[in-house]
Every structure is written in C-alpha cells, then in structure tokens.
Amino acid sequence: MRIPDSVLMTYLAFGAMAVIMLIGAAAASKNRTRTLSLEERLSTRYSKETFDIKQREEESGLVKNIKKQIKQAGLDVPVSTYILVAVVSAIIIFAVVYYLVESLPAALVFAIAGAFVPSAILEMLRQRRMEQLDSMFSKALKRMSASLRSNSTLLQAVEDASMSEGVPRLMREELGLVVVEYRAEGDLPAAFFHMHERTGLEDVRAVALATEIAQGQGTNLADVFTSFVKTIQEREEMVADARATLSSTRSSVTIMSAMPFVFSGFLKLTQPDYFDAAYAWQGGLGRYLILLLYVIDVVGFIYLRHRCNIRL
C-alpha cells in the first residue's frame, strides 16, 4: 500500500507547521523581566514549588511524572511543549519509516513509538544532570562539614555552602532554595527531602534522613558528612574507571547500529527502486522481513546501550 505523494506532502507540511509552532511556543515562553537578586529568584522559585505541591492532587499521574522528569532534567518547559515535541517526533519518524519501507501500518507503529523519543531524551538529560549534581554535592558536603567543625549550626553550614565560590553555581542555587524553604517552613529535613525530589539524588535523601536523626539524637553531622564525601568520591572513581573501559564499546554499538539506516537511506536516495525486488518477495512478505531487521537493530542498540550505562 503506497500513500500518494500529495498525501505524504500533506503529512510533511503538518510536521513543518508543528515545528514552527514549537519554535513559536519556545519564543513566547521567554520571560523578559527585570534582573532579580539571588534571594528574590530563590523565593520566587520556592513559591512556585509550593504551588506545584498543592496542585499535585488535582493532576493525573502521567502529568506529575512528566513534570518531575522535566524538573530533574533541569529544564523549564511546560507539559504542553513536551507533548508538542512528542507529536513532531512521531510525524518525522512516520515520514522516515514510510520512505524507507513504503508500508503504512509499519510507519504508524513506528510513529507511535516515536512519540516516546522525547521521554528517552529527557531521561538522558536527567541522568546527565544527576551525575553533575552528584559531583557538586560532594563539594557542598565538604564545605558544610568544615563549617560544622568550626562550631556553626547546620543552617549556618548550609548557608555558608550556598554562598561559597568553591561550590558550583547550580548547587549553590539548590542549597539556597533549602535555606529559603527552611526560613518559610522551619523544617530543615523536609527542605532537604524536597531538594531530593527536585534533583533525584539519593545522596540528598540520605542527608535529609541523617539531619532528621541528628535533630532527635544529637549525632555528629560533621563526621557523617565527611563519610558521605568519602563514599561519593570512591563511587565516582569506580564509575569513571568503568566508563573508560566501556567507552570504545559504546562508540562501536552506536556506529554499528546506525549503519543499516544510513546505507538504506543512501540507497533509497541514489537508487529508489533498489529494494523493490526484496519488498515483493513472497507476496510482499519481504517488506516486513526488512522491517523486522530494523526493529531488531533498534532493540539491540537500546539493550546494549543500557548495559553500558554505569550507575552505582
């Protein structure tokens, strides 16, 4: 079954319009406001976080999950933009698959799968940001531990880390938000738990639990934070060694998985009727056999890349 060129051009036109809408939505979402101080920005962000928490019960599980992923990926885009990207991705993949195999059912199936591409990209960005924050958090803990050893209170230690130039800006903002939330709510462990929800870092959750225990039992947090720093640094060294070992494997997996699609696209462009005999084999069964090979290639790529991801 072949879609007429006019219909295919209509699909591509819809895809182009969706891209234009996406660019327009991104441009319209930019806020041109006056320059705010760090404390004002953190207070505004805290107010937004509080509002989001109050609205959770009214949102569906899917919307909450998407918002959580976007937040932990460090992006500031509405769910509507995410959905628009998913639609654009589905349209583009539909056009590409139909061009390669000339099968409407197969193109529709791949288009449905293509709608989940933004989710995979979002998860990749989320993991990358968590890795960056993980390293930053160890520096913040080291600074907090030094402050506690100089007889500072825990709140003073957090404030010191949020203003220290030795702590990266992104982590300073997160710690500054913890301070602002503590001043508004008066619950420091809860502020760390909310930081865990925003960043997804399990180390932050452990610090929140340690803080909660320390408030009840008088535990020496300076020693606890020092132990956390040592554990995080050892884990980072192990992950770095493992990734260095697997770096060539990851590159090989990517290149080998892309080759079938690159060569197929090249042949379709240079010799449009090259696959006609293969498509017509056994009354059209060859078309779906080639599609099955594409599917195996994609599934193998996802599986092998997942096996190469190191997370301790």
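The values are calculated or read from the model by the stated rules, or taken from the named source; none is laboratory data. Quick caveat: nothing in here was measured; it's all calculated off a predicted structure. Here Cβ is always computed from backbone atoms with ideal geometry, including for glycine, and neighbour counts include all displayed protein chains.
Can you find a residue that is in a helix (DSSP H, G or I) and closer than 26 Å to Leu133 by Cβ anywhere in segment 290-305?
Going residue by residue through segment 290-305, those that are in a helix (DSSP H, G or I) are 290-305.
Subsequent filtering for residues that are closer than 26 Å to Leu133 by Cβ retains 302, 305.
Yes, segment 290-305 contains a residue that is in a helix (DSSP H, G or I) and closer than 26 Å to Leu133 by Cβ.
For segment 120-161, which residues satisfy the criterion of being among the hydroxyl-bearing types (Ser, Thr, Tyr) and either surrounded by 16 or more Cβ atoms within 10 Å (Cβ to Cβ) or not in a helix (DSSP H, G or I) (or both)? First the steps, then the outcome.
Of all residues in segment 120-161, those among the hydroxyl-bearing types (Ser, Thr, Tyr) come to 135, 138, 145, 147, 150, 152-153.
Selection gives Ser138, Ser145, Ser147, Ser150, Ser152, Thr153.
Of all residues in segment 168-213, which are among the small types (Gly, Ala, Ser), assigned to a loop (DSSP other than H, G, I, E, B) and either touching a residue at least 60 places away in the same chain (Cβ under 8 Å) or touching a Phe, Trp or Tyr at 6+ places or on another chain (Cβ under 6 Å) (or both)? Steps first, please.
Of segment 168-213, the ones among the small types (Gly, Ala, Ser) are 176, 184, 186, 190-191, 200, 206, 208, 210.
After this cut, where a residue has to be assigned to a loop (DSSP other than H, G, I, E, B) as well, the list is 186, 200.
If the condition is that a residue be among the small types (Gly, Ala, Ser), assigned to a loop (DSSP other than H, G, I, E, B) and either touching a residue at least 60 places away in the same chain (Cβ under 8 Å) or touching a Phe, Trp or Tyr at 6+ places or on another chain (Cβ under 6 Å) (or both), then Gly200 is the only one that fits.
Does Gly216 satisfy the condition of being in a helix (DSSP H, G or I), out of contact with any Ser or Thr (no Cβ under 7 Å at 6 or more places or on another chain) and surrounded by fewer than 20 Cβ atoms within 10 Å (Cβ to Cβ)? Before the answer, list the steps.
Working: in a helix (DSSP H, G or I): yes; out of contact with any Ser or Thr (no Cβ under 7 Å at 6 or more places or on another chain): yes; surrounded by fewer than 20 Cβ atoms within 10 Å (Cβ to Cβ): yes.
Answer is yes for this residue.
What residue, of Pro189, Pro168, is surrounded by fewer than 22 Cβ atoms within 10 Å (Cβ to Cβ), farther than 20 Å from Arg129 by Cα and not acidic (Asp, Glu)? I'd like the intermediate steps shown before the answer.
Details: Pro168 fails: farther than 20 Å from Arg129 by Cα.
Matching residue, one of Pro189, Pro168: Pro189.
Could you check Gln233 against (1) closer than 17 Å to Lys142 by Cβ; (2) surrounded by 15 or more Cβ atoms within 10 Å (Cβ to Cβ) and say which number it fails?
If we test Gln233 against (1) closer than 17 Å to Lys142 by Cβ; (2) surrounded by 15 or more Cβ atoms within 10 Å (Cβ to Cβ), just (2) comes out false.
Specify which of the listed residues (Leu75, Leu100, Leu84) is outside any helix (DSSP H, G or I) and either within 27 Å of Arg198 (Cα to Cα) or not assigned by TED's automatic domain parsing to the domain that holds Leu285 (or both). Before you say what the answer is, go through the steps one by one.
Values: Leu100 fails: outside any helix (DSSP H, G or I); Leu84 fails: outside any helix (DSSP H, G or I).
The match here is Leu75.
Can you pull out every residue in segment 240-274 that is of a type in the set (S, T, N, Q), touching a helix residue (DSSP H, G or I) at 6+ places or on another chain (Cβ under 7 Å) and at pLDDT below 85?
To start, the set of residues in segment 240-274 that are of a type in the set (S, T, N, Q) comprises 245, 247-249, 251-252, 254, 257, 264, 270-271.
Retained after the next criterion (residues that are touching a helix residue (DSSP H, G or I) at 6+ places or on another chain (Cβ under 7 Å)): 249, 257, 264.
Passing the criteria: Thr249, Ser264.
Please work out which residue is surrounded by the fewest Cβ atoms within 10 Å (Cβ to Cβ), limiting yourself to segment 261-312 and to residues that are closer than 20 Å to Ile121 by Cα, in contact (Cβ under 8 Å) with a residue 12 or more places away in the chain and of a type in the set (D, E, K, R).
For segment 261-312, the residue satisfying everything is Arg311.
Quick one: would you say Ala206 is under 18 Å from Ser138 (Cβ atoms), in the same structural domain as Leu141 (by TED's automatic domain parsing), small (Gly, Ala, Ser) and under 23 Å from the mean Cα position of the chain (by Cα)? Before the answer, list the steps.
Values: under 18 Å from Ser138 (Cβ atoms): yes; in the same structural domain as Leu141 (by TED's automatic domain parsing): yes; small (Gly, Ala, Ser): yes; under 23 Å from the mean Cα position of the chain (by Cα): yes.
Yes.
Exactly one condition in (1) out of contact with any Lys or Arg (no Cβ under 8 Å at 6 or more places or on another chain); (2) surrounded by 14 or more Cβ atoms within 10 Å (Cβ to Cβ); (3) more than 20 Å from Val97 (Cβ to Cβ) is not met by Met238; state its number.
Result: Met238 passes all but (2).
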